[in-house]
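Engineer: Here it is, the structure, as structure tokens.
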Amino acid sequence: MSGLGNITKKEIRELLTPATFIPIIVVALIFATMGTSIQGLQEQSSDPPVIGIITEDTSEYSAMALTILHTNAKSVFNSTSIADLQNGLETVKQHDGVAVVFIPKNFTDRISQEEQGTIEVYWIMKGTGIMDSISSGTLHLLLSYINTNLSKHLIEQNTSVNASFVLSPTNRVETTFYKNRQFPGISPNTIAGMLASQSMLIPLVMMMIIIMAGGIVITSMALEKENKTLETLLTLPVKRTSIVTGKIIAAAVIGLILAVIYMMGMQFYFKGFELSVGVNLATYDLVLTTADFLWIGFSLFLALIAGLSLCMLLGSFAKNYKSAQTLTFPITMLALIPMFITIFADFDTLPLAVKVLTFAIPFSHPMMASRALLFDDYLLVIGGIVYVGIFALITISIVVWVFKTDRLLTGTTKFKWLKALKRRRF
Amino acid sequence: MAAVEVKNLVKKYGSLDAVKGISFSISEGEIFGLIGPNGAGKTTTLRVLSTLLSINGGSVTIHGYDLSKQAAEIRKLISYLPEDAGAYKNLSGRAYLQFIANFFDPKDTKTMVQKGIEITDLGARIDDRVDTYSKGMMRRLLVGRALMTNPKLAILDEPTSGLDVINAQEIRKLVKSTAYSGTTVLLSSHNMLEVEFLCDRIALISEGKIIETGKPTTLMQKYQARNIEEVFVRTVS
């Protein structure tokens, strides 16, 4: 065999290990699940939007608008009185619809008098993620289409010389309903956009801390083995729990410092892209209180502990620095997946499989906490904290157990129950 | 009371029997050597006694403490020097000794560290980073670390491994003087000369079994051998 062939064969044999392939296979499966679910979401967005229509005007221009709405949207509620708004909202909500469109009595008259006719839209917001606004986007297009058609009609009829009116004969008054709260004068897209820019920081910080601190923990374990210091450490009069906890705390502190430095740079980067939409979220009580920040901080702390204990567990499998680098990959993916999910979608509107996956990843919870707290969804936040706390406790217990077994030094563990089971079977 | 009492010790790695029911005891202040070829079970035995590995059979008692049940108590009494041990490369020699001393007597680490520095005999280099040390300097640091804690039992796996003649001799003298001051020493070695010089008693181990135990001089007489190497060859054959 040639020198090249010999070296290639040896390298492939060294790299062809379960530690290399298992994380990639797991991540591929996660992405496949997410892809299937998101595909369902896209298919849903191509369907006509489900709406309710209330019209108190039956004249020419109103009829034109109604024809467009009935042709291009699925109307599940029709009424001729605004007094039925509440019923309309309930019905549309039951049909998983997006809004109730109301055309007031004077719509045609106003346009005839060269004044903008008002279309009132009562949005039913399902979630605060960017992807949740896809279905409302279709209705936005329809309302613009009504405006364009009326404009076209007015030009054809040559009814006005007022160019700004002719080009925009309608105006929109929007009210958004979300989680039993009413946001007058604002659309779901605006809320989602503002919340996305506001709540992007926490997922990014969380992701950075986990990747950095996780890498530190895994590498530290690998270096203990590679530099042959682990054996000495394990014979010293110190509790295994102290070794595990000490490593986790140190990595958390360093990870936090690194993340702060990183985020200082990122903040300037984001400032360059910041766009003002002229909406003050405080007007709508969409700001976090000091108590909310404490909840987020607690959630972040627990997720960090859970994440680092998971890293310790992975680190105990690392034989050397090289294998440690492979093991940081699943942690990186576990931090990236919830970050993208929480930035682009809302937990409430996720497909069930993605919802379960998102909840199961401990890092998701501090990422979701800020949005949930803005809308007083304490159940999700406290439920998440309890889950992450239990996750951290179980993982730390497993790590301590691994430290008490021969696994760390010999790469094998005695599973007495497994042996007993095998004996019973054969 | 014996410092170490090993009865029918069995240690397996999966289906491989590394130690097959060995028994020996070591008196307080004694230097006891485990002698054997590679893969004989020496390091496994030392790792078991150092509380690193669990046992599959038999029993081990160290200063009256049962290894299977009271490992934490045993760790307060022992000091283990693995054959290929290393130290934290980003620390200086002094900082490394301080780090270890903190586990034993946090209130009075000064005396312990000072003793460690004297044993290592590294001079001004004690304040240099460990990753700048030669192999010999590293071994001296680790021996200093192992003996500065005044252990009741020092478990030394190939204590002079990789050292030149002069450094090796220094370490042997250190081990001897540590035993005089009351520390029991259990060591393993390939170097038969070292064993003859250091050990009060030895156990010859082959394929996980102890095939002979006794004082080096007694064994040499028994097998009419000129040295321990010959004793070993004769017992194995």
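Engineer: Report whether or not B:Thr218 is of a type in the set (Val, Ile, Thr), within 18 Å of the chain's Cα centre (by Cα) and over 13 Å from B:Pro159 (Cβ atoms).
Structural biologist: no
A quick yes/no check of all residues on (1) surrounded by fewer than 18 Cβ atoms within 10 Å (Cβ to Cβ); (2) within 14 Å of chain A (Cβ to nearest Cβ); (3) not in a helix (DSSP H, G or I):
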{"position": "B:Tyr80", "(1), (2), (3)": "no, yes, yes"}
{"position": "B:Asp84", "(1), (2), (3)": "yes, yes, yes"}
{"position": "B:Lys89", "(1), (2), (3)": "yes, yes, yes"}
{"position": "B:Ala95", "(1), (2), (3)": "yes, yes, no"}
{"position": "B:Thr111", "(1), (2), (3)": "yes, no, no"}
{"position": "B:Lys115", "(1), (2), (3)": "yes, no, no"}
{"position": "B:Ile119", "(1), (2), (3)": "no, no, no"}
{"position": "B:Ala124", "(1), (2), (3)": "yes, no, no"}
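Engineer: Which residue is farthest from B:Ile78 (Cα to Cα), if the candidates are limited to segment B:144-186 and must be aliphatic (A, V, I, L, M), within 14 Å of chain A (Cβ to nearest Cβ) and more than 10 Å from the chain's Cα centre (by Cα)?
Structural biologist: B:Met148
Engineer: To continue, here is another question. When you go through B:Gly136, B:Gly144, B:Gly182 one by one, which is the residue that is modelled with pLDDT under 90 and part of a helix (DSSP H, G or I)?
Structural biologist: Residue meeting the stated conditions: B:Gly136.
Engineer: Report those helices (runs of 4 or more DSSP H) wholly inside segment A:187-268 carrying at least 3 residues which are surrounded by 19 or more Cβ atoms within 10 Å (Cβ to Cβ) and within 14 Å of chain B (Cβ to nearest Cβ).
Structural biologist: Where helices (runs of 4 or more DSSP H) fall fully within segment A:187-268 and carry at least 3 residues being surrounded by 19 or more Cβ atoms within 10 Å (Cβ to Cβ) and within 14 Å of chain B (Cβ to nearest Cβ), they are A:201-226, A:230-234.
Engineer: If a residue has to be free of Cβ contacts under 8 Å to residues at least 40 places away in the same chain and either surrounded by 14 or more Cβ atoms within 10 Å (Cβ to Cβ) or not in a loop (DSSP other than H, G, I, E, B) (or both) to count, how many in segment A:160-182 make the cut?
Structural biologist: Residues in segment A:160-182 being free of Cβ contacts under 8 Å to residues at least 40 places away in the same chain and either surrounded by 14 or more Cβ atoms within 10 Å (Cβ to Cβ) or not in a loop (DSSP other than H, G, I, E, B) (or both): 5 in total.
Engineer: Taking the condition under 26 Å from A:Thr241 (Cβ atoms), of a type in the set (D, E, K, R) and in contact with a Phe, Trp or Tyr (Cβ under 9 Å, 6 or more places away or on another chain), does A:Asp377 pass?
Structural biologist: no
Engineer: Of all residues in segment B:63-87, which are of a type in the set (Phe, Trp, Tyr) and without any contact (Cβ under 8 Å) to a residue 40 or more places away in the chain?
Structural biologist: B:Tyr65
Engineer: Something else about it: If you check B:Ser27, B:Ser50, B:Ser54, B:Ser23, which single one turns out to be in contact (Cβ under 8 Å) with a residue 60 or more places away in the chain and at the interface with chain A (Cβ under 10 Å from one of its Cβ atoms)?
Structural biologist: Answer to the check: B:Ser50.
Engineer: Now for a different question. Of the residues A:Ala65, A:Ala73, only one is surrounded by 19 or more Cβ atoms within 10 Å (Cβ to Cβ) and within 15 Å of A:Arg172 (Cβ to Cβ); which?
Structural biologist: Selected residue: A:Ala65, the only one of A:Ala65, A:Ala73 that is surrounded by 19 or more Cβ atoms within 10 Å (Cβ to Cβ) and within 15 Å of A:Arg172 (Cβ to Cβ).
Engineer: Go through B:Lys115, B:Lys173, B:Lys110 for me and flag whichever is without any contact (Cβ under 8 Å) to a residue 60 or more places away in the chain, among the basic types (Lys, Arg), closer than 30 Å to B:Gly36 by Cβ and out of contact with any His (no Cβ under 6 Å at 6 or more places or on another chain).
Structural biologist: B:Lys173
The values are calculated or read from the model by the stated rules, or taken from the named source; none is laboratory data. As the structure is a computational prediction, the values presented were derived from the model and not from experiment. When we count neighbours, we look across all protein chains shown, and the Cβ atoms used for this are built from the backbone with ideal geometry, even at glycine.
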